1. Going residue by residue through the range A:41-64, is there one that turns out to be within 14 Å of chain B (Cβ to nearest Cβ), over 19 Å from A:Ala98 (Cβ atoms) and at pLDDT 95 or above?
2. Of the residues B:Val132, B:Val136, which single one is modelled with pLDDT of 95 or more and not charged (D, E, K, R)?
3. In the range B:243-269, how many are modelled with pLDDT of 90 or more, within 17 Å of B:Ile133 (Cβ to Cβ) and facing chain A (nearest Cβ under 9 Å)?
4. Can you tell me which condition B:Glu283 does not meet? The list is (1) more than 8 Å from every other protein chain (Cβ to nearest Cβ); (2) touching a strand residue (DSSP E or B) at 6+ places or on another chain (Cβ under 9 Å); (3) among the acidic types (Asp, Glu), and all the others hold.
5. Being at pLDDT 95 or above and within 11 Å of chain A (Cβ to nearest Cβ) is the requirement here; does B:Val73 meet it?
6. Going by the structure shown, is B:Asp172 more than 18 Å from A:Gly122 (Cα to Cα), in contact with a helix residue (DSSP H, G or I) (Cβ under 9 Å, 6 or more places away or on another chain) and free of Cβ contacts under 8 Å to residues at least 12 places away in the same chain?
7. In this structure, does A:Asp177 turn out to be within 30 Å of A:Gly136 (Cα to Cα), charged (D, E, K, R) and in contact (Cβ under 8 Å) with a residue 60 or more places away in the chain?
8. When the residues of the range B:133-152 are narrowed to those that are among the aliphatic types (A, V, I, L, M), buried (at least 21 other Cβ atoms within 10 Å of the Cβ) and part of a strand (DSSP E or B), which ends up farthest from the other protein chains (Cβ to nearest Cβ)?
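The values are calculated or read from the model by the stated rules, or taken from the named source; none is laboratory data. The model shown is predicted, which means the values in this text are computed figures rather than measured ones. Every residue, glycine as well, gets a Cβ built from its backbone with ideal geometry; the counts of neighbours run over all protein chains shown.
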Amino acid sequence: MKVLVAVKRVVDYNVKVRPKADGSDVDTANVKMSINPFCEIAVEEAVRLKEKGVVSEIVAVSMGPKQCQEQIRTALALGADRGILVETDAELQPLAVAKCLKAIVEKEEPQLVILGKQSIDGDNNQTGQMLGALTGMGQGTFASEVTVEGEKVKVTREIDGGLQTLELKLPAIVTTDLRLNEPRYASLPNIMKAKKKPLDTTTPDELGVDIAPRTKTLKVEPPAERKAGVKVESVDELVDKLKNEAKVI
Amino acid sequence: MSILVIAEHDNAEIKGATLNTIAAAKAIGDDIHLLVAGANCAAASEAAAKIEGVSKVLVADNAAYEHQLAENVAKLVADLGKDYSHILAPATTTGKNMLPRAAALLDVQPISDIIAVEAADTFKRPIYAGNVIATVQSSDTIKVVTVRATAFDPVAAEGGSAAVESVTIVEDAGVSTFVGEELAASDRPELTSARVIVSGGRGMQSGENFEMLYKLADKLGAAVGASRAAVDAGFVPNDMQVGQTGKIVAPDLYIAVGISGAIQHLAGMKDSKVIVAINKDEEAPIFSVADYGLVDDLFKVIPEFETKL
């Protein structure tokens with residue numbers, strides 16, 4: 001069966017971003033860009049399913065500027081078979097991304113679509129669920145375990161207070177949580193091979209998708225700073241402060 | 001302008017995050033309706049009708065909603081939501097799972113995890129793991145929003161007397177089935193609603209050493225949390241994780257033990273009223289947000305702390 005994996009280009013998780021001086025946006029000039037960590041887990045899961053013989057082909061799709069090719073190449077180096085870039089320099093909000101993915105799902109007809117549960121820039125946690133709504137597929141979000149059994153996929157999900165297991169009819173959508181797997185590193189030979197794998201480019205226009213933004217960011221600012229308090233010398237002093245000064249115990 | 005709030009519940013009880021979400025709704029408008037979608041959920045519906053500020057409770061009681069599968073509940077919310085100006089749900093795993101699906105059915109770009117209401121169409125929300133706060137304005141006719149519970153003080157669970165109306169719409173998408181659930185059983189309070197939290201980090205060195213924190217927590221009536229480092233090291237299960245990708249908490253007292261204070265952890269607890277940090281490394285970033293810091297060996301301090309309470 002075929003798997004579609006979505007990968008997003010984001011500011012690398014080691015970079016501490018700051019708002020621009022005018023508060024219009026986040027300053028992303030000259031910062032390192034990477035594949036979103038949750039998307040990397042999605043690619044790894046697809047590759048593991050292929051290694052188990054469950055999956056025959058992995059298609060990696062990304063959206064955004066031309067440079068997103070780099071993240072698709074990363075996915076190809078990890079084991080995806082071919083890539084699709086939906087190229088645009090316009091802002092893409094999750095609803096627009098879900099609509100573009102739906103158009104690709106209709107063309108490619110994958111049995112499973114694996115996405116990260118959220119991206120570490122916008123922190124929206126929406127795209128997989130919205131793709132589910134648009135395609136009518138079932139969704140296994142925040143997955144920590146995925147097992148394909150015949151015409152169904154069993155997904156264990158990380159929920160508040162524990163774990164929940166669902167069974168979904170294929171085709172279905174899975175979004176990854178941190179503990180689903182630990183992604184491998186791409187080997188040098190695989191990085192070289194990835195350069196020769198096919199990568200097609202299309203656009204939201206060609207897919208017939210209206211990507212006009214629905215929300216506008218009016219301002220970005222740093223969060224309120226919390227001031228450091230005092231150091232206490234002993235447990236007695238700590239207990240005293242908590243009882244008599246802060247009055248919380 | 002009516003607001004539809006989706007109740008978080010387990011058919012028997014309304015979960016606390018619902019009360020914070022209603023508080024956010026009150027910052028937007030007055031006519032607040034609360035949807036309880038479940039199966040055999042009469043008890044939860046009765047409790048819902050007593051919540052302060054709710055004018056109407058909509059009850060969809062059907063087997064299709066028993067486990068609140070996103071595929072079914074999202075359709076119901078989209079059906080009902082057409083007549084509202086706003087649809088709100090708590091930004092819990094249940095809310096985050098279901099609400100974007102309902103939004104897409106309504107062709108709306110939802111706004112996740114708001115921490116403030118600036119205007120009926122404008123909200124503040126954290127991005128980049130809480131390093132940046134964005135003010136976002138929606139141009140959609142219906143605003144679909146999830147609410148970070150810790151950012152809003154809860155409304156009272158008692159004192160209201162809302163009308164209860166039953167909803168007969170049954171949506172069963174037929175693509176998903178519930179198989180099972182493993183919920184951590186504990187006599188301690190839940191992390192997201194606890195008044196006091198004791199959290200351990202990599203400095204705990206092992207899962208066994210967390211016993212010390214459980215003892216301390218039981219003296220304080222506290223919940224026990226952990227940093228991602230402690231979870232990744234396998235000391236404790238992941239549902240104990242506090243941080244941007246785990247639970248967001250804001251108790252009256254947060255005691256961080258052997259936690260260095262990575263950004264992703266701070267994002268999950270820095271709105272706590274009083275923060276105590278216990279760490280032997282005095283350079284640890286956790287001290288920069290702590291009201292009271294104690295630089296010492298936790299293995300000496302924690303047993304002493306427990307006996308002196």
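1. For the range A:41-64, residues within 14 Å of chain B (Cβ to nearest Cβ), over 19 Å from A:Ala98 (Cβ atoms) and at pLDDT 95 or above: present.
2. Result: B:Val136 is the single residue among B:Val132, B:Val136 that is modelled with pLDDT of 95 or more and not charged (D, E, K, R).
3. Qualifying residue count for the region: 1.
4. (2)
5. no
6. no
7. yes
8. Of everything passing the filter in the range B:133-152, B:Val147 is farthest from the other protein chains (Cβ to nearest Cβ).
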